[in-house]
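Visitor: I'd like to ask you about the structure that follows.
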Amino acid sequence: MTTTTAVRAEGPAAVTPTPTVGSHLRNYWSRVRGGDLGSLPAVAGLVVLCAVFAIVRPVFLSAANFANLFTQGAAVTVIAMGLIFVLLLGEIDLSAGFASGVCAAILANVATVLGLPWYVAVLAAVGTGVLIGLVLGMLVAKVGIPSFVVTLAGFLAFQGIVLLLMKEGTNISINDDVLVAIENGKVPPALGWIFAALAVAGYALVQLLRHHNRTSHGLIADPLAVVIGRIATLAIILGIAVYVLNLERSINPLITSNKGMPIVVPIIAVLLVVWTFVLQRTAYGRHLYAVGGNREAARRAGIPVDRIRISAFVICSGMAAIGGIIAASQGRSVDPNTGGSNVLLYAVGAAVIGGTSLFGGKGRMVDAVLGGAVVAVIINGMGLMGYKSGVKYVLTGVVLLLAAGVDALSRRRAAATGTR
């Protein structure tokens with residue numbers, strides 16, 4: 001009898017028990033104590049900032065201001081998404097801001113000056129971004145120039161290219177209705193609810209299938225109650241967001257209505273889903289993390305390191321192009337300052353504040369969204385409180401420094417506890 005029991009426990013049909021909710025929480029707390037903080041600091045910071053601004057300036061919680069947060073942080077968030085691919089490799093792209101400006105200038109010239117359709121202008125802008133990333137990636141991976149130097153040179157060169165494209169200071173208006181609607185258009189309220197329902201349903205399907213597959217193969221899976229809790233949390237957050245965005249925000253709704261989810265929100269959501277899938281569910285994503293974690297070990301494992309590095313810069317600049325398109329739509333025009341000023345600083349800050357490591361090998365696409373939200377809340381809230389730009393920069397810099405400090409301390413803690 002004892003022998004039979006031992007065979008069952010060691011055989012391939014053995015079933016690993018699913019942890020309880022209590023053990024799951026204890027394991028999570030152990031990971032946190034071991035230095036694996038994930039997005040916890042960004043979420044905590046976002047909650048604290050929102051609470052403070054809501055208490056000091058109650059208008060912060062108004063429907064109109066809530067919608068403004070999405071549009072104000074959209075371009076920075078998209079550029080930060082692209083930067084995550086480069087940061088995962090332990091590299092940096094200092095040219096992403098002005099690269100977005102170059103692509104926005106191409107968009108404006110093709111759509112307005114040449115008068116070509118919006119989709120031709122978008123393809124030209126994104127194609128320019130891909131070409132920029134290819135050149136940067138080749139210089140870093142094949143020539144061996146450090147990414148800091150290459151992208152710093154790009155930062156200077158692209159600033160000059162923007163000036164040349166904009167005739168040293170002209171402003172080109174964006175008149176195409178489709179391009180303007182990217183940032184300024186609204187999704188009909190009913191369609192917003194459908195979008196939220198599809199998002200929750202898709203997330204629920206993925207989570208439940210993952211739980212079923214792991215339990216059916218005898219692997220450790222999160223408790224079903226935790227999985228359902230995640231789905232319910234997403235449903236509540238999206239439900240509240242859609243409800244608020246569907247409220248009338250117009251001062252005189254009889255003349256013009258202003259309600260519904262900004263069109264840029266589902267665009268960012270689609271990009272988030274696509275790139276999250278690429279990073280977490282594809283061989284390319286696993287190779288990217290491997291190269292960022294240990295380049296030489298990845299090379300010896302047969303991973304095409306140079307191609308991975310080049311592709312990361314291509315994706316980064318391609319996303320910068322999309323960010324430039326969003327910025328052009330928001331301002332309804334393009335000028336020599338598009339993509340300049342603090343765009344790059346905010347984008348890098350968003351990625352790092354969200355939880356992406358500057359040392360490579362650690363980060364998720366949702367980090368850009370969380371970090372972009374933190375940056376948008378700081379800028380928006382400080383503006384409502386009447387503080388000048390200098391104070392905004394100081395506070396954003398402090399938050400970025402705290403995020404980098406948390407990352408460094410968590411890595412040290414992980415190394416000390418042997419969890420990394």
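Visitor: What is the diffusion coefficient of the chain in µm²/s, taking the Kirkwood radius over Cα pairs and the Stokes-Einstein relation at 20 °C with a viscosity of 1.002 mPa s?
Guide: The estimated diffusion coefficient comes to 93 µm²/s.
Visitor: A follow-up question, please. When Lys and Arg each count +1 and Asp and Glu each count -1, what net charge do the other residues less than 13 Å away from residue 174, Cβ to Cβ, add up to?
Guide: Value of the local net charge: -3.
Visitor: If you don't mind, another one. For segment 93-195, which trypsin sites (Lys or Arg not before Pro) are in a loop by DSSP, counting at most 14 other Cβ atoms within 10 Å?
Guide: Counting only loop positions with at most 14 other Cβ atoms within 10 Å, the trypsin sites (Lys or Arg not before Pro) in segment 93-195 are 167.
Visitor: Oh, and also: Stretched out fully, how many nm does the piece from residue 233 to residue 393 gain, at 0.36 nm a residue minus the Cα gap?
Guide: 54.3 nm
Visitor: Something else: Answer with one residue from 273, 288, 238: the one whose Cα lies farthest towards the positive end of the charge dipole of segment 227-338, charges on Cβ with Lys, Arg +1 and Asp, Glu -1.
Guide: Value: 288.
Visitor: Something else now. For a bin width of 5 Å, list the pair-distance distribution of segment 94-230 built from all Cα-Cα distances, rounded to whole %.
Guide: Computed distribution, short to long bins: 2, 9, 12, 12, 10, 8, 9, 10, 13, 9, 4, 2, 0.
Visitor: Follow-up question, since we're still on this one. Counting just the Cα atoms, what span does segment 34-135 cover along each of its three principal axes? Round to the nearest Å and put the largest first.
Guide: Projected onto its principal axes, the Cα set of segment 34-135 covers 50, 40, 18 Å.
Visitor: Which distance in Å, rounded to a whole number, links the C-alpha centroids of segment 162-217 and segment 273-337?
Guide: Between the Cα centre of segment 162-217 and that of segment 273-337, the gap is 18 Å.
Visitor: For segment 53-209, calculate the relative contact order in percent as a whole number, restricting contacts to Cα pairs under 8 Å that are 6 or more residues apart.
Guide: 25 percent
Visitor: Could you derive backbone 3J(HN,Hα) for segment 136-150 from the dihedral phi with the Karplus parameters 6.51, -1.76 and 1.60 (θ = phi - 60°), listing whole Hz in sequence and x where the residue is Gly or Pro?
Guide: Once θ is set to phi - 60°, the couplings for segment 136-150 become 4, x, 5, 5, 6, 7, 8, 7, x, 7, x, 4, 4, 6, 4 Hz.
Visitor: Give me the percent relative contact order of the chain, please, defined on Cα pairs under 8 angstrom at least 6 residues apart.
Guide: 34 percent
Visitor: Bin width 5 Å, alpha-carbon pairs only: give the P(r) of segment 122-172 as whole percents, running from 0 to the bin holding the largest distance.
Guide: Per 5 Å bin, starting at 0, the Cα pair percentages come out as 5, 19, 20, 23, 18, 10, 4, 1.
Visitor: With Cβ to Cβ distances under 14 Å as the rule, what net charge do the other residues near residue 277 carry (K, R +1; D, E -1)?
Guide: +4
Visitor: Using a Gaussian network model of the chain with C-alpha springs under 10 Å, which one of 350, 232, 312 is most mobile by mean-square fluctuation?
Guide: Of 350, 232, 312, the most mobile in the Gaussian network model is 232.
Visitor: Here's something else I'd like to know. To make sure I understand the rule: partners must be lysines, Cα under 16 Å from the Cα of residue 186, and not fewer than 8 residues away in the same chain. Which ones qualify?
Guide: Reachable lysines: 259.
Visitor: I would also like to ask the following. Measure off 7 Å from each Cα along the Cα-to-Cβ vector at residue 301 and residue 194, then give the distance between these two points in nanometres to one decimal.
Guide: 4.3 nm
Visitor: Let me ask you something else. Quick one: net charge around residue 140, please, counting Lys, Arg +1 and Asp, Glu -1 for every other residue with C-beta under 15 Å from its C-beta.
Guide: Overall, the nearby charge balance is +1.
Visitor: Same structure, new question: When the chain is modelled as a GNM with alpha-carbon springs shorter than 10 Å, which of 386, 339, 45 fluctuates the most?
Guide: Comparing 386, 339, 45 in a Gaussian network model of the chain, the most mobile one is 386.
Visitor: Run the helix sum for the chain: -39,500 (n - 2.57) per DSSP H stretch of 4+ residues, divided by residue count, reported at 222 nm to the nearest 500 deg cm²/dmol.
Guide: Computed mean residue ellipticity for the chain: -24000 deg cm²/dmol.
Visitor: Residues of segment 75-113 with amide nitrogen under 20 Å from the 7 Å Cα-to-Cβ point of residue 135?
Guide: Under cut-off, by backbone N: 83, 86, 92-110.
Visitor: Scanning the chain for GluC sites (Glu not before Pro) in DSSP loops with at most 14 other Cβ atoms within 10 Å, what's the longest stretch left with none?
Guide: Answer - 249-420.
Visitor: Which whole-angstrom value gives the distance between the alpha carbon centres of segment 369-413 and segment 42-58?
Guide: 12 Å
Visitor: For segment 30-87, what are Rg and Dmax over the alpha carbons, in angstrom?
Guide: 15.1, 41
Coordinate-derived values only; no laboratory data. Since this is a predicted model, take the numbers as computed values, not measurements. Neighbour counts are summed over all protein chains in view; Cβ atoms, including those assigned to glycine, are modelled from backbone coordinates with ideal geometry.
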